[in-house]
Amino acid sequence: MVRRPLGRTGLSVTPIGFGAFKIGRNQAVKYPAGYDLPDDAASATLLRGVVDAGIAYIDTAPAYGLSEERIGAALASRRSELVLSTKVGERFEAGRSTYDFSARAVRDSVERSCRLLRCDVLDVVFIHAHREDLGVLADTPAAATLAELKREGRVRAVGFSGKTVAAARRALELADVLMVEYHLNDRSHAEVIAEAGRRGVGVVVKKGLDSGRLPPADAIPFVLGTEGVSSLVIGGLSLAHVRDNLAYAS
């Protein structure tokens, strides 16, 4: 696939990225239907197949259960082919999410992600904000700590993944990359995406298929046809669906 620049980060990503939620967690999910968690071997086969199919951007998070560990185990030898993004701020343990945006927690999270993903530098690290996302930016040191880690060479780009338009707009002042929900049923972030494009801030779209409620044949061209969007992250456990998504993207 022809890659797109991720804003002014110097990184380039494939228009379709792989969201690695489902290979690591199947508890407290918001998808219309449940699913069985694949084992290590099935996860490795899927991840390698995703890369072989042409996807060169994978997104994960500590809150995605086994996801980071499985990506590291399956793709360490192919690290140079990939842009990897992960997150800080949210953990999922014992069936529930907890949040910690302190400087210590952010640094510890980055170190743990590097260890699990088997890399020395993380390409993009998003602040994984909860519903009070404006407060995460205004009242915690998370963004400043990630900026320090970027200066130290542990992180290539600082990202923000939130819920509200107000927080995304504020994050334009702080982040190199935004991750926003945007699809045919929710276009509320359209102006923020346009402004990000004008400022050189990369945009990654999450939930572009409205968590499986929209047909990919309609949803994917809509998102990728929006000026300013660098990549649309789509999860799943089927390589056949991955290949279909790539066909819709082209």
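The values are calculated or read from the model by the stated rules, or taken from the named source; none is laboratory data. Values in this document were obtained by computation on a predicted structure and should not be read as measured data. Cβ coordinates were reconstructed from backbone atoms using ideal geometry, including for glycine residues, and neighbour counts include every protein chain displayed. Just the protein is used for accessible areas: all its heavy atoms, side chains included, with ligands, DNA and RNA removed. Shrake-Rupley method; radii C 1.70, N 1.55, O 1.52, S 1.80 Å.
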Go through Leu174, Leu178 for me and flag whichever is open to solvent by 40 Å² or more (accessible area, probe 1.4 Å), closer than 18 Å to Ser85 by Cα and outside any helix (DSSP H, G or I). Leu174
Buried (at least 20 other Cβ atoms within 10 Å of the Cβ) and within 18 Å of the chain's Cα centre (by Cα), is that true of Val106? yes
Could you go through the stretch 149-160 and let me know if any residue there is outside any strand (DSSP E or B), open to solvent by 40 Å² or more (accessible area, probe 1.4 Å), touching a residue at least 60 places away in the same chain (Cβ under 8 Å) and not acidic (Asp, Glu). no
Only one of Ser113, Ser80, Ser97 is under 30 Å from Thr45 (Cβ atoms) and buried (at least 19 other Cβ atoms within 10 Å of the Cβ); which? Ser113
Exactly one of (1) in contact (Cβ under 8 Å) with a residue 40 or more places away in the chain; (2) more than 24 Å from Gly17 (Cβ to Cβ) is unmet by Val124. Its number? (2)
The one condition in (1) surrounded by 22 or more Cβ atoms within 10 Å (Cβ to Cβ); (2) among the charged types (D, E, K, R); (3) without any contact (Cβ under 8 Å) to a residue 40 or more places away in the chain that Glu68 fails to fulfil: (3)
Here is a check on your reading of the model: is Leu246 outside any helix (DSSP H, G or I), out of contact with any Phe, Trp or Tyr (no Cβ under 6 Å at 6 or more places or on another chain) and farther than 16 Å from Asp133 by Cβ? no
Looking at the stretch 119-146, which of its residues are of a type in the set (A, V, I, L, M, F, W, C), open to solvent by less than 30 Å² (accessible area, probe 1.4 Å) and under 17 Å from Ser102 (Cα atoms)? Val125, Phe126, Ile127, Ala129, Val136, Leu137, Ala142, Ala143, Leu146
Within the bounds of the stretch 54-65, is there any residue that is within 22 Å of Leu209 (Cβ to Cβ) and of a type in the set (Asp, Glu)? yes
How many of the residues in the stretch 127-137 are touching a residue at least 40 places away in the same chain (Cβ under 8 Å) and more than 19 Å from Ala28 (Cβ to Cβ)? 2
Val223 passes all but one of the listed conditions (1) over 30 Å from Arg112 (Cβ atoms); (2) open to solvent by 50 Å² or more (accessible area, probe 1.4 Å); (3) at pLDDT 95 or above; the exception is number (2)
Of (1) over 15 Å from Gly225 (Cα atoms); (2) in contact with a Gly (Cβ under 6 Å, 6 or more places away or on another chain); (3) outside any helix (DSSP H, G or I), Val203 fails just (1)
Could you identify the single residue in Arg213, Arg169, Arg187 that is open to solvent by 20 Å² or more (accessible area, probe 1.4 Å) and modelled with pLDDT under 95? Arg213
